[in-house]
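First up is the structure itself, then whatever we jot down about it.
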Amino acid sequence: MYRPLFAVAISILLSSCAASPPPSSARDLAALDGVTSGIMGIPVTTSSADARNHFLQGQRELDLARNFEALDHFKRAVAADSTFAIAYLNVANTGNSLDEFKTNLARAESFAAQASDAEQLEIQIARKGLENDADGQLAAAQQLVAKYPQSPRAYLTLGNLETGLNKNADARASYEKALALAPRFAAAHVALATSYLFGEPSDFNEALQHFQAAEALAPKEPAMHDNLGDAQRALNNLSRARVEYTRGHALNPRDAGMLQQRGHVNSFAGDYDAARADYDSAMAVGRGNERGFFAPFRAYVSAYAGNAPGAIVELNRLVAQADGMGIPDPVTVKINALSNVALIGIDIKDFANADAALKQRTPLMMQQADRVGSAGFRRAQQQGVAYFNAWLAARKGDYKTAKRETDRLTALVTPDANPRKMEPVHQLKGFVALYQGHNAEAAAQFAQGNLLDPYIKFNYAMALDGSGKSDKAKPIFRELAIYNFNSLGYALIRKEAQQMAM
């Protein structure tokens with residue numbers, strides 16, 4: 001499934017709300033500082049000691065994936081210094097909603113002139129991300145590294161942007177440089193491990209080793225057990241993954257994410273009652289927007305169980321209930337759920353539900369575009385609309401409309417400074433060819449799409465198989481059969497992938 005490639009804005013959607021941090025007596029904060037916020041190498045510009053202290057505490061919590069606690073500290077930092085540009089940026093990046101992101105990015109930009117050149121570059125990276133300028137983000141990160149070659153954090157920033165562009169060899173070199181400068185930098189170990197977990201070429205054992213190195217630096221932090229659980233999932237050790245997530249939740253019972261992760265494991269293991277119970281528990285504990293974003297995973301259980309229409313029922317219920325859930329950003333929750341309904345409807349040819357979902361989704365997306373007021377963001381929203389319109393039309397066999405909407409998408413992505421911008425166009429052309437039985441053409445198109453998306457990768461394999469290249473398709477089916485990372489697209493193809501892998 002296509003998602004617009006503006007990485008900065010995406011991070012806010014699953015994030016946080018103001019919350020008081022847990023008692024510090026349970027954690028050795030000085031030791032944690034030494035592997036997180038004590039490793040900077042770039043200036044932090046504020047004249048307030050209190051603001052600086054809260055900013056660094058926020059950075060520690062952010063490095064340790066405690067986003068709620070991080071946001072609390074970043075908000076305290078700007079309360080102590082109302083001109084603290086980089087702290088406003090971090091409020092934006094860890095905040096509650098699209099409005100909060102927009103407002104605090106603008107505040108960061110308004111005070112950027114009195115910040116350091118490093119902080120100005122970080123703010124530019126965020127703005128360029130919102131404007132779909134991935135090349136500009138990369139150039140700014142390269143400037144950051146050139147100006148601060150001894151900063152591990154500068155290399156971490158560069159590596160993260162290279163990862164987003166699928167420049168995995170470059171990203172791994174950047175993370176390795178960060179670790180050469182600061183071998184005890186926990187976030188760099190996690191980033192390198194994540195690259196080996198999800199990037200190509202993958203190496204799950206290498207990922208496990210770096211997650212273990214990070215865990216050794218902060219063994220009582222829930223996120224470290226979250227990471228270890230992910231590595232065990234990749235290695236198809238589901239029982240070990242379940243143990244790690246349970247351990248992570250025990251370390252911080254307020255962390256609903258570990259319960260969600262355990263729900264994923266139970267979904268893959270076929271224990272659907274346990275999976276639903278875990279998702280229910282996660283929603284009960286969840287803070288901020290979490291309840292609204294955990295709920296779709298509960299719906300996916302029905303898809304794993306072979307009842308995709310049941311998932312549509314749950315997702316439509318979420319859309320109806322979102323405004324009354326007391327969450328900070330119900331609009332984004334509704335857009336996410338409606339996108340899921342449309343995907344299922346397209347996949348199983350439930351055109352009535354797909355049509356209804358897109359009719360609700362489009363005006364909500366354009367409302368967001370109006371609120372943000374960014375040309376690049378508006379274009380990204382329009383891209384998402386055109387993509388689904390073209391895909392649904394192709395699935396219906398209306399190839400004239402599919403071509404018109406694909407041409408519209410092509411025009412919309414053309415201005416983007418992003419080497420991956422044509423991926424969704426190739427995916428649509430792949431679906432059009434596949435639905436018409438033109439398997440060789442479909443395979444050629446899907447090969448140029450986002451093969452990190454298991455739904456696209458599965459359809460690529462199906463096209464290969466249908467064009468007589470089962471020798472190339474079979475390894476892909478085998479990989480997908482035990483992929484063990486949750487998305488709706490994967491829920492829809494997992495059982496068939498397992499059958500094709502035999």
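Below, the figures for the structure above:
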{"item": "Distance histogram for the stretch 288-327 (every C-alpha pair counted, 10 angstrom bins, percent rounded to whole numbers)", "result": "33, 49, 17, 1"}
{"item": "The chain: angle of helix 257-269 to the longest principal axis, Cα-based, in degrees nearest 10", "result": "30"}
{"item": "For the chain, alpha-carbon Rg over 2.2 N^0.38 Å", "result": "0.95"}
{"item": "The stretch 299-437 - percent relative contact order, Cα under 8 Å, separation 6 or more", "result": "15"}
{"item": "Percent of C-alpha pairs per 5 Å bin, the stretch 338-425, short to long", "result": "3, 16, 23, 22, 21, 11, 4, 0"}
{"item": "Pairwise centroid distance, computed over Cα atoms, of the stretch 167-230 with the stretch 460-497, Å", "result": "27"}
{"item": "Rounded to 10°, Cα long-axis angle of helix 375-396 versus longest principal axis of the chain", "result": "20"}
{"item": "Percentage relative contact order, the chain, counting C-alpha pairs under 8 Å, at least six apart", "result": "12"}
{"item": "In degrees, nearest ten, helix 49-63 long axis to first principal axis of the chain (Cα)", "result": "30"}
{"item": "Probe 1.4 Å, accessible area per residue of the chain, Å²", "result": "38"}
{"item": "Protein accessible area in the chain, 1.4 Å probe - carbon and sulfur %", "result": "52"}
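The values are calculated or read from the model by the stated rules, or taken from the named source; none is laboratory data. Source: prediction; values computed, not measured. With ligands, DNA and RNA removed, areas are computed over all heavy atoms of the protein, side chains included. Shrake-Rupley method; radii C 1.70, N 1.55, O 1.52, S 1.80 Å.
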